[in-house]
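The values are calculated or read from the model by the stated rules, or taken from the named source; none is laboratory data. As the structure is a computational prediction, the values presented were derived from the model and not from experiment. Note that we place each Cβ from the backbone using ideal geometry, even for glycine, and neighbour counts take in every protein chain shown. These accessible areas exclude ligands, DNA and RNA; they are computed on the full protein's heavy atoms, side chains included. Shrake-Rupley method; radii C 1.70, N 1.55, O 1.52, S 1.80 Å.
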Amino acid sequence: MEVLGIDVGGSGIKGAVVDLQNGKFTANRIRYPTPQPSTPRAVSEIIARITQEFSWIQPIGVGFPAVVKKNVIFSAANVDRSWVGLDAGELLTEATGCPVALVNDADAAALAELNYSGIKHKSGTVLFLTVGTGIGSGLIRDGRLIPNTELGHLILEKFGEAEVYASNAARKRDRLKWKDWAPRFGLYLRHLEDLFQPDCFIIGGGASKKGDRFVPYLNIETRILMASLKNRAGIIGAALVAKQTLYG
Ligand code: BGC
């Protein structure tokens, strides 16, 4: 089965048709910059445009950078505040003419890794972290996702909120090389080790392409892997969730 997956990020909105047999894109993905401000209207126009460009008339899965419960948005750290309280499923169904299922972007990416990567991490506690404009988390226990964990908003004592201190956007803002950013991310990972005792971290988002530049400097105990699907994971996971929720 093929499903259109869309990943709404802080800097880009990306879509591709995913073959859910193998998790591969059937054609090149389409990307537009995230409009600023990222209001519901502006974002839904881009999603409608991507849908039209694929001539798509079937269900769509959307990964969204916020707490999502039954298609309703409950937070807005890196998108316009007017999303909070909205039934984004209804809004996007109206904008695209297709049934739409939403899921938190990091949860989507974690599900994609779980289902389509060759990595063996089906048992134990796996903590998937997307490191981009924000930090998103997908917590997996024995192969089951615990949704909406929002661990990017943990407070790191005197350093403040984890995603403000240790995201890739923070690295760029403070003009740090990967090696000089690594102690910040390592401090965050050590805090997560203390709290969750994970068996494995998996890193997704933009940072997953640069693992060799920062992993040697992290100083952590836990096994750490880069997401094998790289930043395609969000799109693939969103498509998978649409299949599960809309096709049953
Ligand atoms: C949001 C999360 C999201 C993460 C990555 C955070 O600011 O609160 O819901 O998963 O950014 O996009």
In the stretch 24-54, residues that are part of a strand (DSSP E or B) and either assigned by TED's automatic domain parsing to the domain that holds ASN148 or open to solvent by less than 80 Å² (accessible area, probe 1.4 Å) (or both) total 3
Residue list for the stretch 69-93, restricted to those being of a type in the set (S, T, N, Q), in contact with a strand residue (DSSP E or B) (Cβ under 7 Å, 6 or more places away or on another chain) and outside any loop (DSSP other than H, G, I, E, B):
THR93
Assuming LEU111 fulfils every condition listed in (1) in a helix (DSSP H, G or I); (2) farther than 19 Å from PHE74 by Cα; (3) away from the ligand (no atom under 16 Å from the Cβ) apart from one, which condition is it?
(3)
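Looking only at residues in the stretch 55-68 that are among the hydrophobic types (A, V, I, L, M, F, W, C) and assigned to a strand (DSSP E or B), which one is nearest to the chain's Cα centre (by Cα)? Let's see the steps before the verdict.
Here is the first cut: in the stretch 55-68, the ones among the hydrophobic types (A, V, I, L, M, F, W, C) are 56-57, 60, 62, 64, 66-68.
Imposing the further condition that a residue be assigned to a strand (DSSP E or B) reduces the set to 60, 62, 64, 68.
Details: ILE60: 16, VAL62: 10, PHE64: 7, VAL68: 12 Å.
Across the stretch 55-68, the extreme among qualifying residues is PHE64.
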Return the pair list, or none, for Cβ contacts closer than 8 Å from residues in the stretch 189-215 that are more than 24 Å from SER123 (Cα to Cα) and more than 16 Å from the ligand (Cβ to nearest atom) to residues that are open to solvent by 30 Å² or more (accessible area, probe 1.4 Å) and among the hydrophobic types (A, V, I, L, M, F, W, C), at least 6 apart or on different chains.
LYS209/MET226
